[in-house]
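Report on the following structure.
The values are calculated or read from the model by the stated rules, or taken from the named source; none is laboratory data. All of these numbers come straight from a predicted model, not from anything done at the bench. Counting neighbours? That spans all protein chains shown, and the Cβs are built from the backbone with ideal geometry, glycine included. Please note that ligands, DNA and RNA were not included when accessible areas were found on the heavy atoms of the full protein model with its side chains. Shrake-Rupley method; radii C 1.70, N 1.55, O 1.52, S 1.80 Å.
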Amino acid sequence: MESIKEEIEKLKKEKRAIILAHYYVPGEVQEIADYIGDSYFLSKKARETEAEMILFAGVSFMGESAKILNPERTVLLPDAQADCPMAHMASREKIREMRGKYEDLAVVCYINSTAELKTMSDVCVTSSNAVDIVKKLPNKNIFFIPDGNLGAYVAAQVPEKNIIVNEGYCPVHREIQEEDVKNARKEHPKASVLVHPECVSEVVRTADFVGSTSEIIQYACQSEEKEFLIGTEEGVLWDLEKKCPEKAFYPVKPGQCCLDMKKVTLEKVRNALKEEKYQVSLEPETMEKARRPLDKMLELGK
Ligand code: 13P
Ligand code: SF4
């Protein structure tokens, strides 16, 4: 009998599909992907691909962004309920209020946001390019949505701008507290602490390195050091252990797990390709308006 992985390989060829996977999905799903990466890398791959079908092993804002960037392609999400809670944590009313308050305001929208929020934004960013892009904007006043923690991290790096942060947060990264970092350092005194900028600012301030999922992986692989404490979702450990088997990786806090990302299983990937579900579908007008900030990110991004 064919294994699920073989079935997926066969379906991929048959449907001329590619699989894009985020580092937070289960390791066995990362294993069958054509590209694994952080949000910025995957959005570039989604725009470039000539494949007829894109299966996005990730949460809904990722599938939506792929569809917006490449509307001619069929974009599939293996689980229609896999959603990022933070993507909804900003309001139209607040954006309008801020636009009324500051004449030169730029609304900077983390890619972890709904398509609707993107339609109201000037530029999208990801955790790997947010500082760079905000620095390049001509505007002095910035409203950063929806993530207050990434917003605060950007504000600390770009003090010359007036960055107003929204109050959204990632529930997974918010769980990691300064006390957890202290305890983890006591347990592993030789380890460097590498964290994601979605962590709260007390954690970000005490870390040895702050970066996106890909940047954390790159840092750990290139470093001379041998032990690392990882302050982001545990899916990153799967890739780290594969790439650097001679090094030791520990989570800053056990159970750093995004349950929405973990909804993406091999079975659901197989079923999605077989039955061509769940197709991402957005209104043409929404796609057109949401494409502008995404295109601007790709133009200004590194
Ligand atoms: P990056 O992969 O860009 O670091 O994003 C992390 C994340 O939370 C995705 O949901
Ligand atoms: Fe959203 Fe956090 Fe899960 Fe990323 S890890 S998808 S930001 S809930």
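Measure off, as a whole percent, the carbon and sulfur share of the 1.4 Å-probe accessible area of segment 249-302, all protein chains present. It would help to have the intermediate numbers written out before the result.
On the way: 1480 of 3000 Å².
On segment 249-302, the fraction of accessible area on carbon and sulfur atoms equals 50 percent.
Excluding residues fewer than 8 places away in the same chain, name every one of the lysines whose C-alpha is closer than 16 Å to that of K13.
K5, K274
Which residue, chosen from I18, T114, A51, occupies the Cα position most advanced towards the positive end of the dipole of segment 6-131, where the dipole is computed from +1 (Lys, Arg) and -1 (Asp, Glu) charges on Cβ about the Cα centre?
T114
Where the only charges are on Cβ atoms (+1 Lys, Arg; -1 Asp, Glu), what is the dipole of the chain about its Cα centre, to the nearest 20 debye?
Working: 43 positive and 52 negative charges, 100 e Å.
The dipole of the chain has a size of about 480 debye.
Where the centre of each part is set by its Cα atoms, how far does segment 49-84 sit from segment 236-301, in angstrom?
Cα centroid of segment 49-84 versus Cα centroid of segment 236-301: 9 Å apart.
Please report Rg over Rh for segment 73-125, where both radii come from the alpha carbon positions and Rh follows the Kirkwood definition. Can you show the working numbers first?
Working: Rg = 13.4 Å, Rh = 12.6 Å.
Rg/Rh for segment 73-125 comes to 1.07.
Once the dipole of segment 81-189 is set up with Lys and Arg at +1 and Asp and Glu at -1 on Cβ about the Cα centre, which of V154, N183, L105 lies farthest towards its positive end?
Projecting each Cα onto the dipole axis, the largest value belongs to L105.
With the Cα gyration tensor of segment 1-115 giving a ≥ b ≥ c as the square roots of its eigenvalues, does the rule (a/c under 1.5 for rounded; else a/b larger than b/c for prolate; else oblate) give rounded, prolate or oblate? Could you put the intermediate results ahead of the total?
Details: a/c = 2.98, a/b = 2.29, b/c = 1.30.
Prolate, since a/c reaches 1.5 and a/b exceeds b/c.
Quote to one decimal, in nm, the extra length available between Q177 and E299 on full extension: 0.36 nm per residue of separation minus the C-alpha distance between them. Present the calculation step by step, with values, prior to reporting the outcome.
Details: separation 122, 0.36 × 122 = 43.92 nm, distance 3.54 nm.
That pair, Q177 and E299, stretches by 40.4 nm at full extension.
Taking the Kirkwood radius as the inverse of the mean 1/r across Cα pairs, report the Rg/Rh of segment 47-200. Write out the running numbers ahead of the final one.
On the way: Rg = 17.4 Å, Rh = 17.0 Å.
Checking Rg against Rh, the ratio lands at 1.02.
With the full set of protein chains in place, find how many percent of the accessible area of segment 76-131 is carbon and sulfur; take the probe as 1.4 Å. Write out the running numbers ahead of the final one.
Working: 980 of 2060 Å².
Here it works out to 47 percent.
Length gain on complete extension for the stretch R292 to N141, per 0.36 nm per residue less the alpha carbon to alpha carbon distance? Mind showing how you got there, number by number?
Details: separation 151, 0.36 × 151 = 54.36 nm, distance 1.96 nm.
My answer for the length gained is 52.4 nm.
Taking only protein heavy atoms into account and a 1.4 Å probe, give the accessible area per residue of segment 73-204 in Å².
Values: 5400 Å² over 132 residues.
The answer is 41 Å² per residue.
Please state the charge dipole magnitude for segment 1-78, taken about the Cα centre, from unit charges on C-beta atoms (+1 on K and R, -1 on D and E), reported in debye and rounded to the nearest 20. Walk me through the numbers on the way to the answer.
Working: 11 positive and 14 negative charges, 51 e Å.
The dipole of segment 1-78 has a size of about 240 debye.
Quick check on the chain: helices-only [θ] at 222 nm, where DSSP H runs of length 4 and up contribute -39,500 (n - 2.57) each and the sum goes over total residues. Nearest 500, please. Spell out each step's value before the answer.
Values: 15 runs with 135 residues, N = 302.
Per the formula, -12500 deg cm²/dmol.
Using 1/(1 + (r/R0)^6) with R0 = 30 angstrom and r between the beta carbons of E93 and K44, what's the FRET efficiency to the nearest 0.05? Don't skip to the end; give the middle numbers.
Values: r = 33 Å, r/R0 = 1.09.
E between E93 and K44, to the nearest 0.05, is 0.35.
Label points 7 Å out from Cα along the Cβ direction at E160 and E28: separation in nm?
That separation, rounded to one decimal, is 5.1 nm.
Just the number: Rg to Rh for the chain, Cα atoms, Kirkwood Rh, two decimals. If you can, show how the numbers build up before the last one.
On the way: Rg = 19.1 Å, Rh = 19.7 Å.
Using Cα coordinates only, the ratio equals 0.97.
Going down the list K190/K226; K15/K263; K242/K263; K45/K263, which pairs span over 20 Å between their C-alpha atoms? Write out the running numbers ahead of the final one.
Working: K190/K226 8 Å; K15/K263 23 Å; K242/K263 22 Å; K45/K263 23 Å.
Checking Cα-Cα distances, K15/K263; K242/K263; K45/K263 exceed 20 Å.
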